Each structure stands twice: as structure tokens, then as C-alpha cells.
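Following: one structure in C-alpha cells, then a few remarks.
The values are calculated or read from the model by the stated rules, or taken from the named source; none is laboratory data. Just so you know, these numbers come straight off a predicted model, no measurement behind them. Don't worry about glycine lacking a Cβ; one is built from the backbone with ideal geometry, like all the others, and counts go over all protein chains shown. We work out accessible area using only protein heavy atoms, side chains counted, and drop any ligands, DNA or RNA first. Shrake-Rupley method; radii C 1.70, N 1.55, O 1.52, S 1.80 Å.
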Amino acid sequence: VIGTKCNDEVDVPLLVYVSREEKPSYPHHFKAGALIVLIRVSGLISNSPYMLVLDCDHYCNDPTSARQAMCFHFDPKHQKKKFVQFPQRFHNISKHDIYDTRIRGTFAALWPGMDGLRGPILSGTGFYMKRESLYGSSIKGAMKDKQSGVKRQVRTQIGFMYNSVVEDVITGFVLHCKGWISGTRWSSGLTDIGLSSCYAEICLYPLFYCLSLWGIGTIPQVCLLNGIPLYPQASSPLFFVFLFIFPSALFKHLYEVLRTGDSVGTLVYDQRLWMMKSVSVHTFGCLDSIMKRLGVREASFLPTNKATDDEKTKLYQMGKFDFQTPTVLLVPMVSVIILNLTSFAVGMTRIMVAGSWDKMFVQLLLACYILTMNYAIIEGMMIRQDKGRIASPVILLSTLLST
């Protein structure tokens, strides 16, 4: 404890470090549990009405952030505001940001767009929280207690109590359900027009992405291998409907990329990472959640690895993916690429021999697009010789599964 002397010679603490006891049988890695302890301790020391929450490897680089947050909290028109969420900014990001470390789409597009839906979702770090919003009461109860001068016993409501590995989202959801709202530094006024839409989009996008990507990355290709056309012929008027939908989705993404200050090349990296995540981490994340609900297993939770590796850092700065990751995550990605390679080769052969380009054009174009966007995987399979390449056993296992 670091402190200073006040007029009556009593130590007033300025900095207090609180650490929870670690037990093998207790899930002590959850940040929300540590916050509960800290809130109770700080309630006895200062009982400050507002708190800044940061991850252990984050810090506030804007000395005016507290004033910006208080402008929202002190606004008499928005007494329901429970937290003000700031975007995350990271250092040492490579030129192409191949792993989307900046989380560009979230903090530059999705979160500002949620200002009209009671504000953004709690991101777990970088936010100024109103203490009374965590005391277990609704906004109506809190306002009533404030007017009547009634003081209630603290009972904190953080997502750790709900046994979730994403306690920050659960915390924000619970507080939104109790009537509290949130704000961002981009807010120009909040309109209470909905609650569930932003949470549904954020919480279910892994399921939507993995289902859609598995479908579009395998079904047309299997049909292409067997000579089964799925889409209208290139000479059909309906072909122009498909020709409009696909580029329009790309132009929407391109507009978002350019609007947030990035280059056209970012579109390629975004699309590539979106595809890779959808058939790997999103897929297994959904399966993990489903098995938890069925009682087959407990939800897994591993803290982010903060260690650095010189060789991995070198590959990252060169814009090359490091494929030294668990085989279970690599096999789905490589299997899809092998399937697309095979179907594209067979489809091109069928067109040159039988001349059926009119029927199979869309499926060939789709396979070509997937292969082009995921060239990094093909490079890791066939060209690269560094330690970050895709191992031969993974390629062999993926080939067996794709056939």
C-alpha cells in the first residue's frame, strides 16, 4: 500500500494492490472474480462512484479519457448510462495486420453502430463503469434509492457469477436488461430503440459464420466434382442476380475498410481471416458451447498467452502466418483448401473436355475466389520451408478427410 499523510496524521492509501488466492480446484483466472474482490475493497477505502477497468497488459494512453467519460456520465439526460466503452489500440502491429489484431471491424464499425441500441457491449477492458450499476439493482431501484437516501448492501453483479468464459459480455447483458445503458466516445445521443439485436449479432456470429462458410466452401465444390450445377447458367437472366449479390457484399466490406482509414489490401486480409476463423475457431467454439449445454464437458477457458517468440515475431512482421498451432485447428482449413483445389482442377478439365463452362461457371468462380483469398494456406502447404509452415502430417490427414 502506498499512502500519504493527511491533516490528522492518518495514512490515506493512494494505491492498493489486491490479489486473489489461487486454488487448483477454483477457476481463479476469471477477471470478473478479481473485480468483485477489488470493488468490495475499494468500497471500504474510497467508495468512488466511477471506476476505470483495464486488462493486466493494457494501459490508458489518453489523459483526457476520464473527462470524456464523465461528460457522458454527468449528462442529466442520460442518468441510465452504466459504462463508457473506449476502443482498444495496440502497438507493434505489422504492416498488414494479418491476424486482425486491431479488431478493426469491432471497434471502428460495430461498436459505433450500436450507439442507437442502448450502447455497445462491454468489451472487458478500457471502460469507465458506474459503481452503483454493479450493485444488483435495476436502474429504477437505484434512482429510487438515490432520491430517498436509502443505502443498500452491496451485491455485485459481474458475469463470473453466471459461470461464463465471456464474463464481460454477460455483465453488459445483465446490466442492459436491468435498464442501464452505455456510451462510446463517438456517441451523439442514445435512442432506446432495441436491446437484443446487438447481442444476438455479436453472440451468434460464430455459429452463423461457421455454418455459412462450411456450406459455401464444400457443397458447391462437391457438386462441381460430380458435375452437378447448382447456380443459373451464365447465359440465364437469373445469373445477373448472383452477379449482383456477390460484388455488392464485397463493395460493402470495401467501403467499411476505406471508411475506417485502411487500404484496399486490408480487404484481402479481412476476408482471409474471416474464412480461416469460420472453419476453425468458430466451429470448435460452437461445438464447445453445445457440448457444455448437453452436459458432455465444461466450457474451456485459457488466459491469453503473453509470451513472445523471436521467430514468430519475425514471421509476423513479414506478413506470414504462423501455422504452428494445434492440428485440430489446422485440419479443417487445409481440408477445405484441398477440396477446392481438387474441384477447381476437375472442373477446369471438364470444361476443356466437355465444354460445360456455361453451367459450372459460378462454381468455378467460387472455388477460384476461395483459393485466391487463402493463398497463404497454399503457400504454407507447398512453398514455405520455415518453421511456421504447415506440417506434412497435417496435410496428409487433411487429404484423407477431404477425400
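Roughly speaking, what % of Cα-Cα pairs in the range 252-403 are separated by over 20 Å, rounded to a whole number?
62 percent
P(r) for the range 53-108, please, calculated from all Cα pair distances in 10 Å bins and given in %.
Over the range 53-108, the share of Cα pairs per 10 Å bin runs 19, 40, 29, 11, 1 percent.
Using the beta-carbon distance between A249 and C71 and R0 = 30 Å, what value does 1/(1 + (r/R0)^6) give for FRET efficiency, to the nearest 0.05?
Computed FRET efficiency for A249 and C71: 0.20.
Using a 1.4 Å probe on the protein heavy atoms only, what accessible surface does W214 show? Give it in Å² to the nearest 10.
80 Å²
Below 8 Å, C-alpha to C-alpha, sequence gap of six or more: please give me the relative contact order for the range 248-403 in percent.
26 percent
How far is it, in nm, from the label point at S392 to the one at Q317 when both lie 7 Å from their Cα along the line to the Cβ?
Spacing of the two 7 Å Cα→Cβ label points: 3.2 nm.
Run through all the Cα pairs of the range 217-291 and give the fraction in each 10 Å bin from 0, expressed as whole percent.
Taking all Cα pairs of the range 217-291, the binned fractions are 15, 27, 36, 20, 2 percent.
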